[in-house]
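The values are calculated or read from the model by the stated rules, or taken from the named source; none is laboratory data. Just so we're clear, the structure is a prediction, and the values are computed from it rather than from any experiment. Here the Cβ positions follow ideal geometry from the backbone for every residue, glycine too, while neighbour counts run over all protein chains shown.
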Amino acid sequence: MKPALAASLAALSLSGAAFAQNYPAKPILLISMHVGVADAYTRLMVAKMGESMGQSIIVDQRLGAGGAIAAEAVARATPDGYTLLASFPDPMVNRRTMVKNVPYDPIRDFTPITQLADPNIVVAVAPGVANDLNQYLAKAKSQPGKIGYGSLGTGSSFHFAGEALKQIAGVDLLHVPFKQSSDAVVAVQRGDVASLITSQGVALPLHQAGKLKIIAMVNDRRSPAMPDVPAIREVVKGFESPPYWLSYFGPAKLPMSLVQRLNAEFVKAAKHPEIDRRAQEIGFTTIGSSPEELLDKLKRDIEKVTAIAKFARIVPE
């Protein structure tokens, strides 16, 4: 290597290290699509993270377009560590199956930081519909296209969970999309829709009050809050949960020194006993993955959801 080039590379390395050492020198903007308990969890977690980093982390909630508004803003941001994304799978994985012209690429235009948590998803039914998942599936097989399941909109992770169940279990369920979880809950309680796929945080209080009955976990594991409720894969062999995670990204080309710093801070905050306890209370499992693990998962999830969309005959518009 030529002396001049070696000196230049050394200078860049030193400047990068110095930048990371002085980071953050101002508040960090976390653009988020999280709502409800996910938003409350995110704000609690970044408050703890800000204490550790010595700078505030401002949560800027940008809703709409299935999270694409928030994602696009981060994709276009300067990769200096001061603009980050708090994301569900919807804009990073699901949206490409629904919309032809997504203005960003989830692999090319972002830097993965960590999958911080894995929220629990459940299948719940109105009282009297079924005592367990086997009864529910038997009823669906006896009434093709008549047993409906509510979800938080077409293209949501809840919708893809229902389509995956249809595919692997060989049943014809009717998808009924809603704009808000509360509307879906009311519809099931009124008997307008037989079942609902939603978050544990929404369904568990109603289950405990006898207003809904949770019959299965969509995740590939049981929930500590309901150890007697089986995962779908225990009943339906070959079923795999579609993605539903809380993950954090930066713009493309975020320096590795900052990625490593942010990953360590996110994971440390999430695994703090207070934050982890709150996560369990609202039905989240703390993960704290490495950036490389999140990238691998993102690629696998895109393949998985693309296959489900093909089965469901969902055509991007």
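Inside the stretch 99-192, counting only strands (runs of 3 or more DSSP E) that do not spill past its ends, which hold 2 or more residues that are at negative phi and among the β-branched types (Val, Ile, Thr)?
Correct list: 110-119, 121-125.
Assigned to a helix (DSSP H, G or I), buried (at least 24 other Cβ atoms within 10 Å of the Cβ) and of a type outside the set (Phe, Trp, Tyr): does that describe Val202? So that I can check it myself, show each step before the final result.
Details: assigned to a helix (DSSP H, G or I): yes; buried (at least 24 other Cβ atoms within 10 Å of the Cβ): no; of a type outside the set (Phe, Trp, Tyr): yes.
Answer is no for this residue.
Can you tell me which of (1) touching a helix residue (DSSP H, G or I) at 6+ places or on another chain (Cβ under 6 Å); (2) crowded, with 20+ Cβ neighbours inside 10 Å is the one Gln167 doesn't meet?
It is condition (2) that Gln167 fails.
For the stretch 122-136, indicate whether the set of residues that are free of Cβ contacts under 8 Å to residues at least 12 places away in the same chain and among the hydrophobic types (A, V, I, L, M, F, W, C) is non-empty.
No.
Determine whether Gln180 is surrounded by fewer than 18 Cβ atoms within 10 Å (Cβ to Cβ), out of contact with any strand residue (DSSP E or B) (no Cβ under 9 Å at 6 or more places or on another chain) and within 25 Å of Val315 (Cβ to Cβ).
Against the criterion (surrounded by fewer than 18 Cβ atoms within 10 Å (Cβ to Cβ), out of contact with any strand residue (DSSP E or B) (no Cβ under 9 Å at 6 or more places or on another chain) and within 25 Å of Val315 (Cβ to Cβ)), Gln180 does not qualify.
Filter the stretch 245-260 down to residues that are in contact (Cβ under 8 Å) with a residue 40 or more places away in the chain and farther than 15 Å from Gln115 by Cα, then give me how many there are.
7
Which of the following residues is touching a helix residue (DSSP H, G or I) at 6+ places or on another chain (Cβ under 7 Å) and of a type in the set (Val, Ile, Thr): Ile58, Ile113?
On inspection, the qualifying residue turns out to be Ile113.
Listed residues Ala164, Ala130; which is touching a Pro at 6+ places or on another chain (Cβ under 6 Å) and either at pLDDT 95 or above or farther than 30 Å from Ser87 by Cβ (or both)? Write out each step before concluding.
Working: Ala130 fails: touching a Pro at 6+ places or on another chain (Cβ under 6 Å).
Being touching a Pro at 6+ places or on another chain (Cβ under 6 Å) and either at pLDDT 95 or above or farther than 30 Å from Ser87 by Cβ (or both) holds for just one of Ala164, Ala130, which is Ala164.
Quick check on my filter: what residues within the stretch 257-305 are in contact with a Gly (Cβ under 6 Å, 6 or more places away or on another chain) and crowded, with 18+ Cβ neighbours inside 10 Å?
Leu258, Val267, Ala270, Ile282, Gly283
Spot the failing condition for Gly150; the list is (1) in contact with a Lys or Arg (Cβ under 6 Å, 6 or more places away or on another chain); (2) surrounded by 20 or more Cβ atoms within 10 Å (Cβ to Cβ); (3) under 27 Å from Gln280 (Cβ atoms), and only one is missed.
(1)
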